[in-house]
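Here the structure comes first, spelled out in structure tokens, and everything after it is commentary.
We did not get these values from a lab; they are worked out from the coordinates using the rules stated. This one's a predicted model, so the numbers in the text were calculated from it and none came from an experiment. Positions of Cβ are generated from backbone atoms using ideal geometry, with glycine treated the same way; all protein chains shown enter the neighbour counts.
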Amino acid sequence: MHVYGLVGSPVEHSLSPPMHEAAYEELGVDARYVTLEPDSARLGEAIAGADALGVAGLNVTVPFKQDVLAHVDPSPTAEAVGAVNTIDFGPATPVGYNTDVDGVTRALEHHDVPIDGESAVVVGAGGAGRGAAYALADAGADVHVANRTVERAGALAAEFADLGVSGDGLDSLDERVPTADLLVNATSVGMEEDATPVPAELLHDGLAVLDAVYAPLETRLLRDAAAAGATTVDGAWMLLYQGVEAFERWTAKPAPVDVMNDALRHEL
Ligand code: NAP
């Protein structure tokens, strides 16, 4: 039996176990997916221990996505983003991937939303904002990052300057969103309360809006976007496709996307 899992803290309410185990059942893969909360001071030992125990693959979530880079051989994308969310223990040295990046692009592709050559605004410059900005810029979009803390947007833009990413405060939304093709909410706004990081009057029918928030599935931003005639993509699509990409890297099999999607949405 193969063992896969998720390391992070907290992980007890993670949606990854039902999503991955539904795929194992569908394809007859003899595997289990477990959740693990390592001692943060012993992350390196935890990764080496998992490798020694024959664990086949691990997902990595908050707060370990950056720290785990030092304990794996990162893919070029994981290195560029500065975060790993998927480890493959197959090679002699464990390889770290960033499938959150694929989560963004594949969620948009699923909804026939073009990226290459499009004008994109990412709201948020935290972990999800970094991944989304890199994903879109690497796929050929012209990306602007708007963030509450202006310095953080500036630092991200400087880091991704080669990809043409710009950054500024939230007031830059007024100018950027009306002419944008793509909008990604990568802040946590909309999760705790019925709030939106983007004023409704800026949204328009030429826009595709991806909200990284997946609880609730229908955020105020997505409601406002639908009312403005925009294409909407909820955060579960992003979560689904980072899992699909991890599954495919680990098993080298095409993932049963519909089965994984049903299992995920059943939990939300
Ligand atoms: P994070 O690293 O803590 O970053 C949080 C971001 O939200 C920062 O840009 C922060 O701005 C901004 N923010 C927080 N409160 C705000 C407010 N009241 N007004 C304006 N901006 C505010 O968190 P993260 O890991 O990037 O996660 C962000 C969201 O994405 C969460 O809801 C998370 O669940 C979701 N997410 C979803 C997926 C998925 O697969 N669907 C994957 C990853 C994350 P400052 O820099 O100014 O603090």
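The Cβ shell under 13 Å around R148 holds other residues with a net charge of -2, Lys and Arg each +1, Asp and Glu each -1.
As a length-normalised measure over Cα pairs under 8 Å and 6 or more apart, the relative contact order of the stretch 87-184 settles at 27 percent. For the stretch 1-81, the Cα-based Rg and Dmax, in that order, read 13.1, 37 Å. Fewest-first ordering of H266, H204, H71 by other beta carbons within 10 Å of each residue's beta carbon gives H266, H204, H71.
Estimated from the Cβ-Cβ distance and a Förster radius of 30 angstrom, the FRET efficiency linking A158 and S119 is about 0.90.
Both radii are taken from the alpha-carbon atoms of the chain; with Rh as the Kirkwood radius, Rg/Rh is 0.97. Packing, as the average of other Cβ atoms within 10 Å across residues, places the peptides 118-129, 207-218, 188-199 in the order 118-129, 207-218, 188-199, highest first.
Considering helices alone, the calculated mean residue ellipticity of the chain at 222 nm is -11500 deg cm²/dmol, with DSSP H runs of length four and up weighted by -39500 (n - 2.57) and normalised per residue. Extending 7 Å from the Cα toward the beta-carbon at both Q66 and E12 defines two label points whose distance is 2.7 nm.
Computed on the stretch 1-48, with alpha-carbon pairs under 8 angstrom and 6+ residues apart, the relative contact order is 49 percent. Measuring from a point 7 Å past the Cα of T149 along Cα-to-C-beta, which residues in the stretch 103-126 have an amide N at less than 11 Å? Correct set: 125-126. As a proxy for reagent exposure, ranking L170, L136, L36 by other Cβ atoms within 10 Å from fewest up yields L36, L170, L136. Annotation: average projected area of the stretch 101-233 is 6.8 square nanometres, based on the convex hull of Cα atoms across all directions.
The stretch between E79 and H266, if pulled fully straight at 0.36 nm per residue, gains 63.9 nm over its current Cα-Cα span.
On the basis of the beta-carbon distance and an R0 of 35 Å, A92 and E25 show a calculated FRET efficiency of 0.70. The distance separating the Cα centre of the stretch 155-187 from that of the stretch 1-79 comes to 31 Å. Cβ crowding within 10 Å, taken as a proxy for footprinting-reagent exposure, orders F160, F247 from fewest neighbours to most as F160, F247. Relative contact order of the chain, taken over Cα pairs closer than 8 Å and 6 or more residues apart, is 17 percent.
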